[in-house]
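Okay, so here's the structure we're looking at.
Every read-out reported here was derived from the displayed coordinates using simple, explicitly stated rules and does not represent laboratory data. The shown structure was predicted, so the numbers you read here are calculated from the model rather than taken from an experiment. Neighbour counts are summed over all protein chains in view; Cβ atoms, including those assigned to glycine, are modelled from backbone coordinates with ideal geometry.
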Amino acid sequence: MERWKDYLIFLLGLKKEETKEKLEKFFPEVIVMIPAYNEEKTIKDTIISIKNQSYPIKEIIVIDDSSTDNTFQIAQSLGVRVIRTPKNTGTKAQAQNYGLKFIENTDVLVTVDADTILESKAIEKIIYALKDKKVISACGFVIPQKIETFWERVRLIQYLIYIPLAKKTQEYWKVPLVSSGCFSAFNFEILKKLGGFPSETFVEDMALSWQALIEGYNIKVVPEAICYPKDPNVWSVYRRQLLRWNRGFLQCLRFHRKKILKNKRLAFFAYWYLINGLLSPFFWSIMIYSLYQLIFYRSLTTIYSWIGIFFILEIGLNFFYALFYGKKTKLTKKVLSSFPLYLVSGIFDLYLFWEAVIGEWMLKSKMVWEKGH
């Protein structure tokens with residue numbers, strides 16, 4: 001019972017952290033790296049948000065992956081260091097690894113996507129999680145820059161549920177599956193030791209996280225450190241992003257299949273996600289039929305009715321979490337209007353998971369790395 005009490009306190013963010021006074025001696029040197037390809041519309045706001053951080057930044061480095069627009073010129077005009085690759089590398093991971101060659105030394109490397117804006121104290125709040133020398137990285141809370149279209153509203157609810165519930169649960173068991181690529185802080189020494197950002201999959205952030213967890217390092221989640229990426233606003237972009245994430249996840253399973261059992265908790269969460277995705281058509285069928293039985297027959301004498309009640313309770317828990325953290329982030333109205341759309345979106349996510357499975361496992365079709373917006 002005491003363990004469950006600690007778990008709930010941890011999930012709700014009620015656990016007392018060390019006071020700032022105790023952490024004042026931990027004041028690491030920070031470099032921020034921004035990989036960018038054709039980001040002329042967003043790079044300026046990203047750089048300005050980093051320049052306006054409450055925590056002092058030693059240097060901001062933009063890795064221009066041979067953009068064909070004005071990304072290089074805009075970044076350079078803002079007074080940051082801009083490094084241009086000889087030719088387009090093809091993936092964010094390879095661009096980041098190219099940039100690592102130009103960083104001689106720092107305590108902490110913060111990576112920020114070129115379409116992501118940081119809250120003014122984001123780096124200050126995320127840095128303290130790295131005081132433990134066994135922590136390779138810390139990631140923050142993610143909220144879409146715009147919350148207007150169907151897909152932006154869906155993504156808002158996904159973030160509000162997944163990060164404080166699923167991701168914090170994973171952290172409680174010391175195995176967050178991914179340190180978010182849009183905004184993370186890294187122990188630079190450990191990052192170099194592990195060889196930088198893995199480029200064998202579409203999801204360098206997840207691949208690196210798994211590699212670190214297998215090697216015995218830890219990852220922290222800091223909900224107080226908020227970032228605002230530009231999320232998909234239309235179906236075509238949402239589909240490309242989800243396919244990249246899902247196929248990248250399947251690639252990580254294949255790439256780490258011989259090592260993943262070295263961390264049994266990581267294996268549990270990874271294979272749980274896989275099994276849940278594979279069985280999702282069955283779960284959706286049972287859920288719809290059970291809710292139909294419960295609503296139209298109003299009987300509690302069948303197993304389907306009780307399954308329907310279980311699904312209603314699960315939806316209620318998700319709504320509570322979305323509303324709880326929506327209130328914290330002053331997005332209560334957005335949560336109330338967006339949550340019904342999130343419930344419908346599950347059908348699309350089911351389809352995209354299976355499209356990824358068919359493409360990655362059955363057809364083994366090629367896929368080009370694409371941005372998420």
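Rounded to the nearest 500, what is the 222 nm mean residue ellipticity of the chain from helices alone, with -39500 (n - 2.57) per DSSP H run of 4+ residues and division by all residues? Don't skip to the answer; put the middle values down first.
Numbers: 14 runs with 181 residues, N = 373.
Computed mean residue ellipticity for the chain: -15500 deg cm²/dmol.
If contacts are Cα pairs under 8 angstrom and at least 6 residues apart, what is the relative contact order of the stretch 2-231 in percent?
On the way: 430 pairs, mean separation 57.0, N = 230.
The value is 25 percent.
Using a 10 angstrom cutoff on alpha carbons, build the Gaussian network for the chain and name the most mobile of I315, I61, I147.
Between I315, I61, I147, it is I315 that shows the largest mean-square fluctuation.
Can you give the FRET efficiency to the nearest 0.05 for I303 and F27, using r as the Cβ-Cβ distance and R₀ = 51 Å?
Values: r = 59 Å, r/R0 = 1.15.
About 0.30, to the nearest 0.05.
Where a ≥ b ≥ c are the square roots of the eigenvalues of the C-alpha gyration tensor, would you call the stretch 248-343 rounded, which needs a/c under 1.5, or, failing that, prolate if a/b is larger than b/c, or oblate?
Details: a/c = 2.71, a/b = 1.34, b/c = 2.02.
Note, shape of the stretch 248-343 comes out oblate.
Among the lysines, which have Cα under 18 Å from the Cα of K334 when same-chain residues fewer than 8 positions away are ignored?
In chain and number order, the partners are K146, K230.
What is the distance in Å between the Cα centroid of the stretch 170-191 and that of the stretch 214-279?
The stretch 170-191 and the stretch 214-279 have Cα centres spaced 12 Å from each other.
How far apart, in nanometres, would the label points at E355 and K330 be if each is projected 7 angstrom from Cα along the Cα-to-Cβ direction?
Rounded to a tenth, the inter-label distance reads 3.7 nm.
Of R84, R153, how do they rank once you tally other Cβ atoms within 10 Å and put the fewest first? All intermediate terms of the calculation are to be shown ahead of the outcome.
Details: R84 16, R153 23.
In increasing order of surrounding Cβ atoms, one gets R84, R153.
I'd like the orientation of helix 264-278 relative to the chain: the angle between its Cα long axis and the longest Cα principal axis, in ° from 0 to 90, rounded to 10.
The helix 264-278 is inclined about 60 degrees to the chain.
For the pair K121/K87, report the inter-label distance in nm, with labels modelled 7 Å from Cα in the Cβ direction.
4.8 nm
Treat the count of other C-beta atoms within 10 Å as a stand-in for reagent exposure and order V110, V335 from fewest to most. The partial results should precede the final answer.
Numbers: V110 27, V335 23.
Ranking V110, V335 by Cβ neighbours within 10 Å, fewest first, gives V335, V110.
Which value, in debye to the nearest 20, gives the size of the charge dipole of the stretch 301-359 about its Cα centre, when Lys and Arg are +1 and Asp and Glu are -1 at the Cβ?
Values: 5 positive and 3 negative charges, 107 e Å.
The calculated dipole for the stretch 301-359 is roughly 520 debye.
What angle, in degrees between 0 and 90 and rounded to the nearest 10, separates the Cα long axis of helix 303-328 from the longest principal axis of the Cα atoms of the chain?
30 degrees
How large is the dipole of the stretch 233-317 about the Cα centre if only Lys and Arg carry +1 and Asp and Glu carry -1, each at its Cβ, rounded to the nearest 20 debye?
Working: 12 positive and 1 negative charges, 165 e Å.
In total the dipole reaches around 800 debye.
Among I226, F26, S77, pick out the residue whose Cα is farthest towards the positive end of the charge dipole of the stretch 2-231, where Lys and Arg carry +1 and Asp and Glu carry -1 on C-beta, about the Cα centre.
After comparing all options, I get F26.
Out of Y37, Y162, I123, whose Cα points farthest toward the positive end of the dipole of the chain (charges: +1 Lys, Arg; -1 Asp, Glu; placed on Cβ)?
Of the options given, the answer is Y162.
Count the DSSP beta bridges whose two residues both fall in the stretch 2-231, then state the antiparallel fraction as a percent rounded to the nearest 5. Intermediate results must be reported in sequence, preceding the final value.
On the way: 11 of 31 bridges.
The answer is about 35 percent antiparallel.
Run the paramagnetic zone check for I312: 7 angstrom along Cα to Cβ, then residues of the stretch 259-303 with backbone nitrogen under 18 Å.
Residues 286-303 qualify, since their backbone N sits under 18 Å from the label point.
Against the longest principal axis of the chain, how steep is helix 332-357, in degrees 0 to 90 to the nearest 10, with axes from Cα atoms?
90 degrees
Only four residue types carry charge here, +1 at the Cβ of Lys and Arg and -1 at the Cβ of Asp and Glu. Report the dipole size of the chain about the Cα centre in Debye, rounded to the nearest 20.
Details: 51 positive and 36 negative charges, 142 e Å.
The calculation lands at about 680 debye.
So how do F26, F339, F282 line up by other beta-carbon neighbours within 10 Å, fewest first? Working shown, then result.
Values: F26 13, F339 21, F282 9.
Listed from fewest to most nearby Cβ atoms, that is F282, F26, F339.
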